[in-house]
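Undergrad: Handing you this structure, nothing more for now.
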Amino acid sequence: MFVDHVKIKAESGSGGHGKINFLRMKYVPNGGPDGGDGGHGGDVVFYADTGTNTLVDFRFRRHFKAEPGVNGGGNNKSGARGKDCEICVPAGTLIRDAKTNRVIADMKPGERRVLAKGGRGGRGNQHFATPTRQAPKFAEDGKPGRVLELTLELKLLADAGIIGFPNAGKSTLLSMVTNAKPKIAGYQFTTLSPNLGVVRTDWGADFVLADIPGLIEGASEGVGLGHDFLRHIERTKVLVHVVDVSGMESDKTPEEAVEAINSELFAYNPELLDRPQIIAANKIDLLLEEERESALAPLRALAEEKGYRLYEISAATNRGLTELMRAVSETLADYPEDIIFEEEEDFIIEPEETVESITVEIDEDGAFRVEGPGIERLLGYTNMIDEKGFAYFQRFLRNKGIIARLEELGITEGDTVHMYELEFDYYP
C-alpha cells in the first residue's frame, strides 16, 4: 500500500525528578544531603532511509513517545537518561508543523534530525545546600517533554519520472526497463500510486525511474488524482514524457497531449518546465508505415521548438527502449547533483527560559497573577509544606522584586494571588 501523507504526534520524554535524601550511615549522625539528579528525557529523532518509499507504517501507529528520565537516587546517584524515540521516514519526506503548516525539516538521504529535546532532569537536594541551609528538604522536579503535532508529506526521490496521460503506456515502460511490477490494464487510472524501479544499464550508469500516475487536464487544480501525485514530480531531475501516437486511446493529437500535460506542470510549479524533458512516442508498432510520418511530423516539430529529444518506442515490444534509457542516462550525467529541497524555517527545539522573565499582572477577575519560567521552576522544587521550604519561597519573591511589584499594582491584605496551580491570599 502506498501512503504519502499522514499526521502524527511525537513526544519527547520528561526529565526525572531530583531526589530528596540525606546520608544515613552508622557513626555518621549528621549526614548531609545526598539526593541525586534526575536523568534527562529522551529526544525525538527523525532519520531518513533510502530503502523505503511509503509512509504506510504510520497508518497503524500515529503516536510516538520517547522514554522519560529515571528519578535520582540516594548517595548522589543520578537517574539514567531516557531512551530516544527514533522515527524512520523515507528520504524526501517533508515534516511540517500541523498547526502552522510551516516546514520543519526536509529529510535528505541519510540525514538525522532532533526535532524535540527531552525534558531536563531535576536537581537533587544536594545542590541546594548552603552554609545557612544545610538540610534542604526540597529538590527540583524534572521538566516535561515537548509534544509535537506533525504532518509527514512524502515526495519521492527519483532520478527520472515518467509522465503522460492515462493509458499512454507509462507502467508498461517501467515494467520493461526495470524489475518493478506495476499493475497494467486496459482502462484509465489503472495505476493509483507511484511506482519506483531501478534501471540497470550495460554502461554502468544505473538510475531510479518513477512512474507517476496518469495526469489529466485540471490536475493542478485538484481534478482527478490532482495534487496527490504532482508533488512527486518535483524531485525528479529528468521528465520522460510518454505520448500515445496511435490515436486509439485519446481524442487529442500527440502534440496536443504534450502541451496539455505541460500546461498542468506549469500551473502547479513553473520550475518543472525548466527540467530536461524527453519525448517517448509510444505505441509506434500500432501505426502503419504510411501513417507513421504524418502522425509524428507535428510532434517532431514541437519537440524541436521546445528543445526536447524525441524517441520512437514501443514499450510493449521493447522497441527503442535501450536508446531511450541511454538518452535519460546521458541527460542525468549532465544534470546538477541535487534537486533543491524545501527551504526550512528556523525551528526552536528548546526555547531559552530565564528567571528574569516573570510577569506580574491583574487578570479579568481582579486577581493577581504571577507567571514565568522562574516561578514555574521554583514551584517545581520547593516543598511548601516544609517550614524552611516555605521560608525560601518567600525570600525568593522578595529578592526578585515580585512582592514590590504586587504592592505597586495595589494589592491589599486578603487579595488572591495565582501562581500556576498555586493559589494563596496575600498577608504582608
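Undergrad: Please state which of the following conditions residue 139 fails to meet, knowing it meets all the rest: (1) at pLDDT below 85; (2) under 30 Å from residue 53 (Cβ atoms); (3) small (Gly, Ala, Ser).
TA: Unmet for residue 139, out of (1) at pLDDT below 85; (2) under 30 Å from residue 53 (Cβ atoms); (3) small (Gly, Ala, Ser): (2).
Undergrad: Residue under question is residue 406, and the condition is that it be closer than 30 Å to residue 273 by Cα, at pLDDT 85 or above and either assigned to a helix (DSSP H, G or I) or assigned by TED's automatic domain parsing to the domain that holds residue 255 (or both); does it hold?
TA: no
Undergrad: Of all the residues that make up region 272-291, how many are part of a helix (DSSP H, G or I) and either at pLDDT below 85 or not assigned by TED's automatic domain parsing to the domain that holds residue 257 (or both)?
TA: 3
Undergrad: Shifting gears a bit: From the set of residues in region 78-107 that are farther than 21 Å from residue 54 by Cβ and buried (at least 20 other Cβ atoms within 10 Å of the Cβ), which is farthest from the chain's Cα centre (by Cα)?
TA: Only one residue tops the list, namely 78.
Undergrad: In region 60-74, which residues are surrounded by 15 or more Cβ atoms within 10 Å (Cβ to Cβ) and either of a type outside the set (Phe, Trp, Tyr) or free of Cβ contacts under 8 Å to residues at least 12 places away in the same chain (or both)?
TA: 65, 66, 67, 68, 69, 70, 71, 72, 73, 74
Undergrad: Now a separate question. Would you kindly identify the strands (runs of 3 or more DSSP E) lying entirely within region 56-122 that contain at least 1 residues that are at pLDDT 90 or above, in contact with a strand residue (DSSP E or B) (Cβ under 9 Å, 6 or more places away or on another chain) and on the phi < 0 side of the Ramachandran plot?
TA: Correct list: 63-65, 85-90, 93-97, 112-116.
Undergrad: Working only within region 5-34, note down all residues that are touching a Phe, Trp or Tyr at 6+ places or on another chain (Cβ under 8 Å) and not hydrophobic (A, V, I, L, M, F, W, C).
TA: Of everything in region 5-34, those that are touching a Phe, Trp or Tyr at 6+ places or on another chain (Cβ under 8 Å) and not hydrophobic (A, V, I, L, M, F, W, C) turn out to be 9, 11, 18, 31, 32, 33, 34.
Undergrad: Something else now. What residue, of 57, 84, is without any contact (Cβ under 8 Å) to a residue 40 or more places away in the chain and among the acidic types (Asp, Glu)?
TA: After ruling out the rest, the residue left standing is 57.
Undergrad: Can you tell me which of (1) modelled with pLDDT of 85 or more; (2) farther than 26 Å from residue 175 by Cα; (3) surrounded by 16 or more Cβ atoms within 10 Å (Cβ to Cβ) is the one residue 304 doesn't meet?
TA: Exception for residue 304: condition (3).
The values are calculated or read from the model by the stated rules, or taken from the named source; none is laboratory data. Everything numeric here is computed off the predicted structure, so don't read it as measured data. Reconstructed Cβ throughout: ideal geometry from the backbone, glycine too, with neighbour counts over all protein chains shown.
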